[in-house]
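Throughout, read-outs are computed from the coordinates displayed, never taken from laboratory work. Please read all numbers here as calculations on a predicted model, not as lab measurements. Using ideal geometry, Cβ is built from the backbone for each residue, glycine included, and neighbour counts are taken over all protein chains shown.
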Amino acid sequence: MAKVKDIYSDDFIKRLANELHKATPLFNADKFLLAIYSDDWNKLEFKQRVSRLSTAMYQTLPNEYEESLAVLKGISPKFQGLSGIIFPDYVEKFGLKNWNESIQALEYFTKFSTSEFAIRAFILLEQDSMLRKMFQWSNDVNEHVRRLASEGCRPRLPWGQSLPSFKEDPSPLLPLLMNLIRDDSLYVRKSVANNLNDISKTHPEVIIDIVKQEYGKDPRTDWILRHASRTLLKQGNKKALALFGYEANESTRVTNLNLDKTKLSIGESLSYSFQIVAEKTTKIRIEYAIDYIKKNQKRSRKIFKVSEIELKEGQIKTYSRNQSFKNMTTRVHYPGDHTISILINGEEKISCNFTVTPTQ
């Protein structure tokens, strides 16, 4: 299976060197390749390769920053998508002292790739100035620039540099996000939802207040608000659940939770089924939780969504699912007693224990 870092293949690097050479006679291709292919190149992960490439460009392009930016602007449309973040990375590393030129370059580069990671260094350097600029971007005609306004200031952007001030106080972000909440572009609206979801992890009341004010006004906004509330819903936040119609529910029963086995080895799968009985018509959110054993033998709960449905009075619904216990990069399994539980509107209704044993 190809890894993300493999987008920077030998062919990519040769093509990049060729384009740089065509763009400026001052570019030294041999020095560029030598700077990239040191002994550890194959060991470098994605972000490390990005850094290596942008540094190699800095070492082999004209010394004048504005002159090197002109070269990169000229070739960046030929390297679109994720691979093109080497150009914003160049700006982040070597352009912090050239504010105006760098901000203009990041606005340009994001149209072909994304400047969401690079812009964060400039936010940390001058937050107020960047927020004013990003609010301007939120009105840009280009959806990629508008998305940068939201994605670049996410408090908890994966792979991104941390923005502690927005984790502590997200209020400066709200005018910007509210300006984008009804954006015509789904690409932009998803970013707004992700930003709001980041905020919900430390300031749930902020998102709850926004949902109260905005939910029901526009179908596109409703989708954003629901997606922005996904962490709160998964956590069983009663206020958030109630806002979307998932009230505390005593009229729905979960029965017949059956496991195909009560003991399985790491690497196997667990099959299970259960029934839901509605004593009256009701709207429900169905989830299951697994209390995993961690390396230190303490438990950690992971919640998975099953369905959201309205059941009629007297209706019985049966569900069957499989849960893999193969080790993955995102989760390693450990032997011990585990628990599976079925949740309705955030409330645990029924549970069952099972044992995971070492790989046989």
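Tabulated results
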{"item": "Whole-angstrom gap from the stretch 271-331 to the stretch 72-139, using each part's C-alpha centre", "result": "42 Å"}
{"item": "Contour minus Cα-Cα distance for Asn100 and Tyr334 (0.36 nm per residue)", "result": "79.0 nm"}
{"item": "FRET E, pair Asp11, Gln360, Förster distance 45 Å, beta-carbon r, rounded to 0.05", "result": "0.55"}
{"item": "Pair Gln161, Asp260: separation of 7 Å Cα→Cβ label points (nm)", "result": "5.0 nm"}
{"item": "Estimated inter-spin distance, Asn18 and Phe46, nm [label 7 Å along Cα→Cβ]", "result": "2.6 nm"}
{"item": "Pairs beyond 30 Å (Cα-Cα), from Lys201/Lys295; Lys217/Lys349; Lys111/Lys302; Lys22/Lys93; Lys93/Lys190", "result": "Lys217/Lys349; Lys111/Lys302"}
{"item": "Axial C-alpha extent at least 18 Å, average Kyte-Doolittle at least -0.5 - helices from the chain (DSSP)", "result": "186-200"}
{"item": "20 Å Cα-Cα reach of Lys133 towards aspartates and glutamates, excluding residues that sit fewer than 8 places from it in its own chain", "result": "Asp89, Glu92, Glu101, Glu107, Glu116, Glu143, Glu151, Asp169, Asp183"}
{"item": "Cα-centred dipole magnitude for the stretch 55-140, charges only on beta-carbon of K, R (+1) and D, E (-1), debye, nearest 20", "result": "160 debye"}
{"item": "Pair Lys201, Val277: separation of 7 Å Cα→Cβ label points (nm)", "result": "4.1 nm"}
{"item": "Protection-proxy order for peptides 155-162, 212-219, 128-135, each taking the mean of Cβ atoms within 10 Å per residue, highest first", "result": "128-135, 155-162, 212-219"}
{"item": "Relative contact order (percent, whole number), the stretch 252-357, Cα cutoff 8 Å, 6+ residue spacing", "result": "35 percent"}
{"item": "Protection-proxy order for peptides 242-255, 109-122, each taking the mean of Cβ atoms within 10 Å per residue, highest first", "result": "109-122, 242-255"}
{"item": "Links that overshoot a 24 Å alpha carbon limit, given the list Lys238/Lys263; Lys14/Lys73; Lys14/Lys78; Lys263/Lys326; Lys234/Lys263; Lys238/Lys305", "result": "Lys238/Lys263; Lys234/Lys263"}
{"item": "Relative contact order computed over the chain (Cα-Cα under 8 Å; 6+ residues apart), in percent", "result": "10 percent"}
{"item": "Using θ = phi - 60° and Karplus 6.51 cos²θ - 1.76 cosθ + 1.60, couplings along the stretch 165-179 (whole Hz; Gly, Pro as x)", "result": "5, 7, 5, 6, 9, x, 4, x, 7, 5, x, 5, 5, 5, 5"}
